[in-house]
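To start, the structure itself, in C-alpha cells.
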Amino acid sequence: MKYTHHARSRMSQRGIPDRLIAITHKYGRIEGDRRVLDRQTVREILAHLEAERALLMKVMDKGGVAVAAAGDTVITAFNLSQGYCRG
C-alpha cells in the first residue's frame, strides 16, 4: 500500500502503525471514502477467531485430521494420530 506524506505524518502523530492500517483495510467496512474498523466489529471478529481457535485446538489434540472426499461428498475421515502414513 502506498502512503502520502500527509498520511505518514498523521499516522506517526496518532500512533497508528502500518499493521493497524493493514488490518483495518482487511476487516473494516467501507463508509463513503474510508474504511472503518470499530469496537463492535473487532468484538465480532475476536469471537469468530476464538471459535476457530477452539476448533483448531481439537484438531491438535487429535494429532491432525484427514478427510477423503469426492467432490462435496465425504468418503471417510480419521485422526492422524491413528497411524497415518504418508505415501
note = Volume per residue (Å³) of the convex hull spanned by the alpha carbons of the chain is 207 Å³
inquiry  = Explain nothing, just compute: Karplus ³J(HN,Hα) = 6.51 cos²θ - 1.76 cosθ + 1.60, θ = phi - 60°, for every residue of the range 2-13 in order, whole Hz, x for Gly and Pro.
reply    = 8, 10, 7, 4, 4, 4, 4, 4, 5, 4, 5, 4
key: 5 angstrom amide H check on VAL65, placed H, neighbours 5+ away   = LEU80
inquiry  = Give me the extension gain from SER12 to SER81: residue separation times 0.36 nm, minus the current Cα-Cα distance, reported in nm with one decimal.
reply    = 19.9 nm
query = Can you give the extra length, in nm with one decimal, that the chain gains between ASP72 and LYS58 once fully stretched, where that is 0.36 nm per residue apart less the Cα-Cα distance?
reply = 2.7 nm
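Read-outs: derived from the displayed coordinates by stated rules, not from any lab. Because the structure is a prediction, the values reported are computed rather than measured.
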